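Notes follow the structure.
The values are calculated or read from the model by the stated rules, or taken from the named source; none is laboratory data. Model, not experiment: these values are computed from the prediction. Cβ atoms come from the backbone with ideal geometry, glycine included; neighbour counts cover every protein chain shown.
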Amino acid sequence: MRSIRSVLNRVHHPAILAAGLVLAAAIPIEMCVYSSQNLLSWSTIRISLLVAVLCAMLGVAPTWTACLLFAISGYALLWLFSPLTTIMIAALTSIAVLSFVRPSLGAASALVAFAALVVSNTQNNLTASNIVGMTVMCLCPLSLGLGLNLLLAQRQATAALRQQLDREHTARHLHDTISNDLAYMILRIDQASHDDLPDDRDQYQRQLDNLRAIAETALDHTHQVIRQLEHDDEADDRNRAVQQDDDGTGKKVKRQQKRLEGIIQTQRQWLTSLGFQGDDILGTFDYPLTDDILDLLEGLINELYANIAKHADPDAWYAVTISFDQQHVIISASDALKNSAAQLGLGSGLERYQTVVESMSGTLAIATDDGNWSVDITIPLLSSDDK
């Protein structure tokens, strides 16, 4: 049982294995037909059985097995003059397999096959039609193998790009949620360590509850990331399609508005607990946002408030404004940098978002002037009806 599993684990190309097994079964069947008519020699029978074994092994080790199959089946065709049609198909299959797994070997085998056919037919009248036929016979499996190789390479490149984009999205999500939640906790702990212990037990309990709420949020964001990594893309696409069909436009807009308001309210509460005061303005929109725009907007909101908490002066006023028109989301944020902002550094969160926004033909401009910091962001958008 273990040996069978070991062999199955080595099968990298199930389609090649299936084609090889079909050939391996077809060769003995054709041999039985010709043997009943006494048309096969013992040499042809032994070589044909060896070809059948090699065909059955194509899926396990396609490179060296295809090379042996090409050499032995070519020998059977050219020097034994085997009448078996399946032997010729096996020879052409070996060229196709080599062209798929190793294009250089496939091209070399096709050239060798063409040269061998020309040499074997020099004794006969070698006409232009014969040359064309031999050329087509060698080019067909070569073209098939090369075409499949290019298709596989394209799919692998697409999968690698998708994996890279998923990793970048996950890294950005981790930075915007869990790392920012932990940064809030550090700031709250630092604030509590510099302040005197409160005499009021209720006030002390409120501080602990606040820290616990931040920790629970970080844990919830961790679970979200885990679910995102484990989520099936096709199921996610189906769920989104069903959701868009079932929900009316007005309900979806209200749900998205409430979702953004909840994020801003949570961030405002955290800033208030750190001693910040400012304006938080979220405009309204009368059309549903696409899922990509909504995810990007949520991440930007979390990142902007996290930057305020880490780099802004709590004694200065901050402002965050989010407005919408028919074609854009417009975000503005401003605050005053604290003296120790340089120690924490501005990080790479907004730099990553700048790359994403600019790739969507949007803008993200950061300005600092005499200790004042501001950012202006414009994100082009389409409603889900226009998508």
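Some observations on this one:
- Residues of the range 92-104 classified as touching a Ser or Thr at 6+ places or on another chain (Cβ under 7 Å) and part of a helix (DSSP H, G or I), total: 4
- Candidate set: the range 25-55, residues that are among the polar types (S, T, N, Q) and within 51 Å of the chain's Cα centre (by Cα); chosen: the one surrounded by the most Cβ atoms within 10 Å (Cβ to Cβ): S48
For (1) outside any helix (DSSP H, G or I); (2) β-branched (V, I, T), each residue gets a yes or a no:
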residue	(1), (2)
F70	no, no
T86	no, yes
L126	yes, no
M134	no, no
C140	no, no
L148	no, no
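- The set of residues in the range 320-367 being at pLDDT below 80 and assigned to a helix (DSSP H, G or I) consists of A341, A342, Q343, L344, G349.
- Of the residues G106, G145, the single one that is more than 18 Å from L77 (Cα to Cα), outside the structural domain of W79 (by TED's automatic domain parsing), touching a Leu at 6+ places or on another chain (Cβ under 8 Å) and in contact (Cβ under 8 Å) with a residue 12 or more places away in the chain is G145.
- Counting only residues that are assigned to a helix (DSSP H, G or I) and either of a type outside the set (D, E, K, R) or in contact with a Pro (Cβ under 7 Å, 6 or more places away or on another chain) (or both), the range 249-274 holds 18 of them.
- Among the residues of the range 110-129, the one identified as free of Cβ contacts under 8 Å to residues at least 40 places away in the same chain and within 23 Å of A56 (Cα to Cα) is A110.
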